[in-house]
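To start, the structure under review is shown below, and the notes come after it.
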Ligand SMILES: C=Cc1cc(F)c(CN2CC[C@](CC#N)(n3cc(C(N)=O)c(NC(=O)OC)n3)[C@H](F)C2)cc1O
């Protein structure tokens, strides 16, 4: 046998490529405007020993316009490695690359919106502050890569276990152009306006500091254990009085410009509410940073 001819090694299968025929739907985890997230079992051996994964896909009617957005989200998540950010696992191409699916790790305890109301008795304030700090760690990491999340809310934070939370969805995440420092928000019909800072509502500009504002609202949700009767939306609508349709945004802008803010939740220590208020400074440049939030939250936990 000629020693110069080395046998070609059999190529290892790429673990980030998931074949559609082995992806079995278990149940739906969530629904968005343009698509859904399903719990699936990737079971190539067909004996139910395969791993559970979370799969994000687009609704057929939105595939055309939204596939670029999903591809962007895939490329962003693929490059994120942080304990407080959900893990990218791979993609599933179907119909010859026409439709693509994002495969992520499955975080079985679900989002804070499902978890906190059901586990209120065993979740202390100290734990809530730890969750808050972890979200800030994830967001600081995201911002260090010049990404803005634009949809930070309790519904998009997942509970890995009683001690660990992860930011779980990056559907609206965008890269900020270095020199500009902000992203111009197109009028997304799914804008979560009650989590949005004034500059996003009035000038359609989204800064890193706009995510800090949304973090403040997310922290408010955390401290109220995501009690839907005290949700940001219901409280703001209450403060605005009955409104109809697009008037809501204008009334919200006026209310925020008048300095009105979500009230201190019952039982929330003053220093904790102060942190939220520093996330809600009217001007982006006056707001606290995630770095500062991490320090202050650490000191509170001593
Ligand atoms: C196409 C766009 C689109 C579609 C959508 F359905 C949503 C909304 N969706 C986001 C992902 C979601 C919440 C978060 N974070 N989630 C992820 C996991 C996981 N990785 O395990 C999980 N687990 C769980 O619920 O366990 C019991 N929930 C939940 F599916 C809602 C947003 C969108 O942009």
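Being buried (at least 17 other Cβ atoms within 10 Å of the Cβ), under 30 Å from residue 164 (Cα atoms) and without any contact (Cβ under 8 Å) to a residue 60 or more places away in the chain is true of residue 74.
Which members of segment 50-81 meet the condition of being assigned to a helix (DSSP H, G or I), over 16 Å from residue 93 (Cβ atoms) and more than 9 Å from the ligand (Cβ to nearest atom)? Selection gives 61, 64, 65, 72, 76, 77. Taking segment 116-126 as the range and being within 16 Å of the ligand (Cβ to nearest atom) and either farther than 18 Å from residue 153 by Cα or free of Cβ contacts under 8 Å to residues at least 60 places away in the same chain (or both) as the test, the residues that pass are 118, 119. Of 90, 143, 110, all but one fail to be more than 14 Å from the ligand (Cβ to nearest atom) and either at negative phi or surrounded by 13 or more Cβ atoms within 10 Å (Cβ to Cβ) (or both); the exception is 143. Flag set for residue 62, criterion: over 15 Å from the mean Cα position of the chain (by Cα), within 30 Å of residue 176 (Cβ to Cβ) and modelled with pLDDT under 95. Looking across segment 82-111, the residues that are part of a loop (DSSP other than H, G, I, E, B) and farther than 18 Å from residue 26 by Cα come down to 82, 83, 84, 86, 87, 95, 96, 97, 98. In segment 8-49, of all residues being in contact with a helix residue (DSSP H, G or I) (Cβ under 7 Å, 6 or more places away or on another chain) and more than 19 Å from residue 63 (Cβ to Cβ), the one that is nearest to the ligand (Cβ to nearest atom) corresponds to 42. Taking segment 147-191 as the range and being touching a helix residue (DSSP H, G or I) at 6+ places or on another chain (Cβ under 8 Å), assigned to a loop (DSSP other than H, G, I, E, B) and either without any contact (Cβ under 8 Å) to a residue 60 or more places away in the chain or surrounded by fewer than 18 Cβ atoms within 10 Å (Cβ to Cβ) (or both) as the test, the residues that pass are 162, 163, 176, 181, 185, 191. The single condition among (1) more than 15 Å from residue 87 (Cα to Cα); (2) out of contact with any strand residue (DSSP E or B) (no Cβ under 8 Å at 6 or more places or on another chain); (3) in contact (Cβ under 8 Å) with a residue 40 or more places away in the chain; (4) within 16 Å of the ligand (Cβ to nearest atom) that residue 194 does not meet is (4). One residue stands out among those in segment 93-107 that are within 14 Å of the ligand (Cβ to nearest atom) and surrounded by fewer than 18 Cβ atoms within 10 Å (Cβ to Cβ): the one that is farthest from residue 230 (Cα to Cα), which is 99. Can we say residue 15 is closer than 28 Å to residue 138 by Cβ and part of a loop (DSSP other than H, G, I, E, B)? Yes; evaluated as a whole, the condition is true for this residue. Pairs meeting the criteria (first residue in segment 100-111 and within 16 Å of residue 43 (Cα to Cα) and at pLDDT 95 or above, second residue near the ligand (Cβ under 6 Å from one of its atoms) and part of a strand (DSSP E or B), beta carbons under 8 Å, at least 6 apart or on different chains) are 103/54; 104/54; 104/56; 105/54; 106/54.
The values are calculated or read from the model by the stated rules, or taken from the named source; none is laboratory data. What you see is a predicted model; the values in this text were computed from it and never measured. Backbone-built Cβ (ideal geometry, glycine too); neighbour counts: all protein chains shown.
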